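See below for the structure under consideration.
Here, each number is a calculation from the coordinates, and none is a lab measurement. Because the structure is predicted, anything quoted here is derived from the model rather than measured. All Cβ positions, glycine included, derive from the backbone under ideal geometry; neighbour counts span all protein chains shown.
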Amino acid sequence: MKPLTAEQIRSSIVNASAAEIERMQLPGLHEMVWEEREFLGWRDPQGSQRGYIVAWVGDRPVGMMVRAASNSLRPGIGAICSLCHTPQPATQVLMFSAARGGESGREGNSIGTYICADLACPIMIRIFPGQSEMLLMRDELIARRSAGLQQRVGRFTERILETA
């Protein structure tokens, strides 16, 4: 992922009000290892249900505010993140909803999907592989997982930007 500045992040958000964007607390950008990220995702550090995802779409960053559901899946079952496809305990995957961009979102239209609760999918795809992926070299595995993650984040972003 190409590095982002605070100004680029704030101006990239397509589905939040100016007041929400102004209150948005950014992660420590100076600590980011940008080359190991397919997107920038973080949760509001004040413990609200808000989170943010910013990804490059072509030559510009597109960001969205997402909201986690207040209740999680039932503990003791497995779940899978729809972005990184990582199986995890159900308590670590949440339903997130996001208002669509533009007038559609202002009218209340939104979409939802199950995502890692901490929005750390770029980290999850770099964790040691499961048994079925053991035959691949680490770099090959990460490249394959990265391509899939970028593709799924791109589709999610496209759905946010749809106006119909």
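Points to keep in mind about this one:
- Normalised by residue number, the volume inside the convex hull of the Cα atoms of the chain is 123 Å³ per residue.
- Amide H contacts under 5 Å for residue 79, placed H, 5+ residues apart: 88, 90
- Couplings 3J(HN,Hα) for region 108-118, derived from phi with the Karplus relation 6.51 cos²θ - 1.76 cosθ + 1.60 (θ = phi - 60°), are x, 6, 8, 10, x, 7, 8, 9, 3, 4, 9 Hz, where x marks Gly and Pro.
- Just checking the listed ones, 13, 127, 53: in the Gaussian network model of the chain with Cα springs under 10 Å, the one fluctuating most is 127.
- A dipole drawn for the chain from +1 and -1 charges on Cβ atoms has a positive end, and of 79, 41, 115 the residue lying farthest that way is 79.
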